[in-house]
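Have a look at the structure below, then the notes.
The values are calculated or read from the model by the stated rules, or taken from the named source; none is laboratory data. Since the model is a prediction, treat every value here as computed from it, not as a measurement. Ideal geometry is used to build each Cβ from the backbone, glycine not excepted, and the neighbour counts take in all protein chains shown.
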Amino acid sequence: MTRPFYVTTPIYYVNDVPHLGHAYTTIVADALARFHHMCGDDARFLTGTDEHGQKIVEAADRRGLTPQALCDEVAPRFRQTWLDLGMRFDEAVAHHGFARDFIRTTEPRHKAVVQALWSRILDRNPDDLFLASYEGWYCVDCETYYPESQLAKDPAGAWICPTHERPVAWVTKETSYFFRLSAYGERLLEHIERHPHFIQPEQYRNEVVSFIRGGLKDLSVSRTSFRWGIPVPEDPRHPGEAARHVMYVWFDALTNYLSALGDPFASPAPAVERYWSSAVHVIGKDILRFHAVYWPAFLLAAGLPLPRTILCHGWWSIGGRKISKSIPATRVSPLALAADLAGSSSVPATGIDAVRYFLLRETPLGNDGDLIYEGLIERYNADLANDLGNLINRSLTMIVRFGGGAAGARDAALAATGPHASLARVAVEAARDARMALDGFAPSRALEAVWRLVREANAYIAATEPWTLAKDPARKGELDHVLHTLAAALWWTRLLVAPVLPATAAALDGWLGAGVAERDARWPSEDGFGLDLPALRPTAATPLFPRIDDKRAAALLASWLPPELVGAGGPPVPAGGASPAAAPVAEAAAAAAPLLPTITYDDFAKLDLRVGVVVSARAVPKAKKLLELAVDLGEERPRTIVAGIAEHFAPDALVGRRVLVVANLAPRPLRGLTSEGMVLAAGDDAILALATVDAAAPPGTRVK
């Protein structure tokens, strides 16, 4: 029997429209589901909308609608956006081993399971759900309470949510049901210790462990101040009391991952038994605590198994500000961006592929990413127009022109020699490495591997010169083998890009004349390069990714950026957004330090400066100025770098930042650690900024 794979996205609040941050999470999950289906797994994909809670009530009131009317209006926008981004839904009916579902928390199937989960917890241990009163600072956008230690103050002295940058509200004493979260700390730590894959990447696992060890407080899990939610089931201990309560939106929303599979307490529960142990929840780091602490505690209390993995990614930002519905200046429509990139493409859906590629290729999953429009255009031109588009157009043109409509014939003797053998070796390595990367939830590294094949295939054309072979009838056998090898490279490219670039894969399949539908395409076997070609009827390609020239780039930037930032070199933000580059320079800027003695170029050349990505950061005990950083330089493991920047940067704010590193500095012991390099920063006693680079530069890039 095939291996099950069940991947979910968060369900999105329906108080606004989908943005690029939503799209990133959903595209990651979609790509993983497509990949596992191609590997022959029984893949299942779930997304949907979260339609209860106080902020839905408030959004509906502002529109003069009922909450249900608002949900019925907005939920289809999310569904349609995902359809437009290359996904589809079949209402959980498996189709050739691939089921895609869209769930709404106002559906009866969901409400029934949420109430069953509550009742099961109450039946197993009544002490886990108890009545008490609570008051505190509450963020409606987060739907959670915050202690003052986790809040910031604005200039007027109001407490501000650290995630949404909006004032929190003081909620006076309210009687609610509480979940005894404090009883589950040790069991959660034990599970995390025994299952290292439970929370990924590692920096988020460490964050959760630290949070749990800090002590868990019991959690308010019902509300009486509004009625828009799932009613709490009758409680025999307090007759009539439950009727006043609706469930806390996170207790409700998290349960969607189970309710989409059916009632876990029914017998039999085939979908739950089949898929639940393989569940992977793809989430953003702002909701890590809800998924990695609250959700597993609810499941443990109900006697249910835990999902396989909580896969956490960083935030996307615009000019350093997190993309969010709650911060209008950062909203970016993925569909509008895709339409702009598609331009005059003969396959407009490849504009969607360009967005999918950039998001998954640009930033390793787990790190924060910053949408820099110049970097988007640069990667589009370099990777999609030059590398992939060029390979497809050149190869198919020559196969059609020199092959007479056929894909040539393989020569086993030639296949083992020179550039032919080199291309086959790179193809096999690319398929193997991409498979391992996607199995390990690293789509960026998977695409790096695939692009090694794309670039090697372009180099193969230059090395074999099919146009020269075509002029010599005596070399027809060699020409046929080259054309066959190019067809094999295109076929493997079509398969390897399919999880991330489905429209590109479909177009390439059509031009090759393979006639292999998405549901039937399978990941290539590592011993099949040049041997696994289906019957082909090649035709010439038309441009997939028209190169964005300087004139069009300028026009795009002018439409994407405020006028004051176009060509200014500052961090770009969408039109209408606030510009970090326009912030005034600090009035008390330090005087420029005197220059050091002049050095020669040879002196400078001794420095090996590299781009690094901070993958984790923590304070060094008993050293108030020091942080221990793990920095990815593109090597086998991240380097440990001890930096004296603790008084100026919070550890969490550094994770995902691209920094400049002196990579050949001799290791130095510091406070029981070994520092393996130096992070560059501007300033002396009062650091003004870390030295950073454009987000398009991958880890390990040489700075010179």
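Out of all the residues in segment 318-330, is one or more at pLDDT 90 or above, in a strand (DSSP E or B), surrounded by 18 or more Cβ atoms within 10 Å (Cβ to Cβ) and out of contact with any helix residue (DSSP H, G or I) (no Cβ under 6 Å at 6 or more places or on another chain)?
So the first thing to find is which residues in segment 318-330 are at pLDDT 90 or above, and the list is none.
No, every residue in segment 318-330 fails to be at pLDDT 90 or above, in a strand (DSSP E or B), surrounded by 18 or more Cβ atoms within 10 Å (Cβ to Cβ) and out of contact with any helix residue (DSSP H, G or I) (no Cβ under 6 Å at 6 or more places or on another chain).
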Quick check, is residue 2 surrounded by fewer than 24 Cβ atoms within 10 Å (Cβ to Cβ) and in contact with a helix residue (DSSP H, G or I) (Cβ under 9 Å, 6 or more places away or on another chain)?
no
Could you list, in sequence order, the residues of segment 369-420 that are surrounded by fewer than 23 Cβ atoms within 10 Å (Cβ to Cβ), in a loop (DSSP other than H, G, I, E, B) and not hydroxyl-bearing (Ser, Thr, Tyr)?
372, 404, 405, 406, 409, 410, 411, 416
Quick check on this structure: which one of 311, 261 is in a loop (DSSP other than H, G, I, E, B), surrounded by 22 or more Cβ atoms within 10 Å (Cβ to Cβ) and aliphatic (A, V, I, L, M)?
261
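Please find, among 370, 411, the residue that is touching a strand residue (DSSP E or B) at 6+ places or on another chain (Cβ under 7 Å), of a type outside the set (Gly, Ala, Ser) and over 20 Å from residue 499 (Cα atoms). First the steps, then the outcome.
Details: 411 fails: touching a strand residue (DSSP E or B) at 6+ places or on another chain (Cβ under 7 Å).
Selected residue: 370, the only one of 370, 411 that is touching a strand residue (DSSP E or B) at 6+ places or on another chain (Cβ under 7 Å), of a type outside the set (Gly, Ala, Ser) and over 20 Å from residue 499 (Cα atoms).
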Within the group 617, 630, 686, 696, which residue is in contact with a helix residue (DSSP H, G or I) (Cβ under 9 Å, 6 or more places away or on another chain) and at pLDDT below 75?
696
Count, please, the residues in segment 25-45 that happen to be aromatic (Phe, Trp, Tyr) and either modelled with pLDDT under 95 or in contact with a Gly (Cβ under 7 Å, 6 or more places away or on another chain) (or both).
0
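Could you say which residue among 552, 519, 475 is assigned to a helix (DSSP H, G or I), touching a strand residue (DSSP E or B) at 6+ places or on another chain (Cβ under 9 Å), among the basic types (Lys, Arg) and over 18 Å from residue 349 (Cα atoms)?
Working: 552 fails: touching a strand residue (DSSP E or B) at 6+ places or on another chain (Cβ under 9 Å); 475 fails: touching a strand residue (DSSP E or B) at 6+ places or on another chain (Cβ under 9 Å).
Matching residue, one of 552, 519, 475: 519.
Every residue in segment 276-307 that is within 16 Å of residue 43 (Cα to Cα) and surrounded by 20 or more Cβ atoms within 10 Å (Cβ to Cβ), please. Break it down stepwise before answering.
We begin by selecting, within segment 276-307, every residue within 16 Å of residue 43 (Cα to Cα); these are 276-282, 307.
Scanning segment 276-307 gives 276, 279, 280, 281, 282, 307.
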When you look at residue 409, is it without any contact (Cβ under 8 Å) to a residue 12 or more places away in the chain and on the phi < 0 side of the Ramachandran plot, yes or no?
no
Among 109, 79, which is the only one that is under 25 Å from residue 280 (Cβ atoms), free of Cβ contacts under 8 Å to residues at least 40 places away in the same chain and of a type in the set (D, E, K, R)?
79
Residues of segment 264-288 classified as of a type in the set (A, V, I, L, M, F, W, C) and either on the phi > 0 side of the Ramachandran plot or not in a strand (DSSP E or B) (or both), total
8
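Please go through segment 60-74 and give me each residue that is farther than 18 Å from residue 230 by Cα, of a type outside the set (D, E, K, R) and either part of a helix (DSSP H, G or I) or touching a residue at least 24 places away in the same chain (Cβ under 8 Å) (or both), ordered by number. Full working, then the answer.
Start the filter on segment 60-74 by keeping residues that are farther than 18 Å from residue 230 by Cα, which leaves 61-65, 73-74.
Those left that are additionally of a type outside the set (D, E, K, R): 64-65, 74.
Result: 74, single match.
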Counting just the residues of segment 463-496 that are closer than 13 Å to residue 392 by Cα and hydrophobic (A, V, I, L, M, F, W, C), which one comes out farthest from the chain's Cα centre (by Cα)?
483
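Can you name the residue in segment 514-549 that is of a type in the set (D, E, K, R) and more than 30 Å from the chain's Cα centre (by Cα) and is also farthest from residue 34 (Cα to Cα) among such residues?
To start, the set of residues in segment 514-549 that are of a type in the set (D, E, K, R) comprises 518-520, 522, 526-527, 532, 537, 547, 549.
From what is left, the residues that are more than 30 Å from the chain's Cα centre (by Cα) are 527, 532, 537.
Working: 527: 22, 532: 20, 537: 26 Å.
Selected residue: 537.
Is it fair to say residue 658 is touching a Ser or Thr at 6+ places or on another chain (Cβ under 8 Å) and under 30 Å from residue 605 (Cβ atoms)? Before you say what the answer is, go through the steps one by one.
On the way: touching a Ser or Thr at 6+ places or on another chain (Cβ under 8 Å): yes; under 30 Å from residue 605 (Cβ atoms): yes.
Criteria met by residue 658.
Inspect all residues belonging to segment 28-51 and state whether any of them is part of a helix (DSSP H, G or I) and more than 17 Å from residue 435 (Cα to Cα).
Keep residues of segment 28-51 that are part of a helix (DSSP H, G or I), which gives 28-38.
In the following step, the residues that additionally are more than 17 Å from residue 435 (Cα to Cα) were identified as none.
Checked segment 28-51: no residue is part of a helix (DSSP H, G or I) and more than 17 Å from residue 435 (Cα to Cα).
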Could you tell me whether segment 351-363 includes any residue that is at pLDDT below 90 and more than 17 Å from the chain's Cα centre (by Cα)?
no
Would you mind stating whether residue 48 is modelled with pLDDT under 95, farther than 20 Å from residue 277 by Cα and among the small types (Gly, Ala, Ser)?
no
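Taking the condition of being among the small types (Gly, Ala, Ser) and part of a strand (DSSP E or B), how many residues in segment 116-138 meet it?
Within segment 116-138, the first condition is being among the small types (Gly, Ala, Ser), and the residues that meet it are 116, 119, 132-133, 136.
Imposing the further condition that a residue be part of a strand (DSSP E or B) reduces the set to 132-133, 136.
Going through segment 116-138 one residue at a time, the tally reaches 3.
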What is the one condition in (1) touching a helix residue (DSSP H, G or I) at 6+ places or on another chain (Cβ under 7 Å); (2) polar (S, T, N, Q); (3) at pLDDT 95 or above that residue 309 does not satisfy?
(1)
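Which of the residues spanning segment 421-438 are free of Cβ contacts under 8 Å to residues at least 24 places away in the same chain, more than 16 Å from residue 479 (Cα to Cα) and either buried (at least 18 other Cβ atoms within 10 Å of the Cβ) or not basic (Lys, Arg) (or both)?
Pass one, segment 421-438, residues free of Cβ contacts under 8 Å to residues at least 24 places away in the same chain: 421, 425, 429, 433, 436-437.
Pick out the ones that are also more than 16 Å from residue 479 (Cα to Cα) and you get 425, 429, 433, 436-437.
Those that are free of Cβ contacts under 8 Å to residues at least 24 places away in the same chain, more than 16 Å from residue 479 (Cα to Cα) and either buried (at least 18 other Cβ atoms within 10 Å of the Cβ) or not basic (Lys, Arg) (or both): 429, 433, 436, 437.
Identify the residue in segment 169-220 that is β-branched (Val, Ile, Thr) and within 24 Å of residue 309 (Cα to Cα) and, among all such residues, is surrounded by the most Cβ atoms within 10 Å (Cβ to Cβ). Give the derivation first.
Taking segment 169-220 and keeping what is β-branched (Val, Ile, Thr), we get 171-172, 175, 192, 199, 208-209, 212.
Of the ones still in play, those that are also within 24 Å of residue 309 (Cα to Cα) are 192, 199, 208-209, 212.
Details: 192: 20, 199: 25, 208: 22, 209: 16, 212: 20.
So the residue we want is 199.
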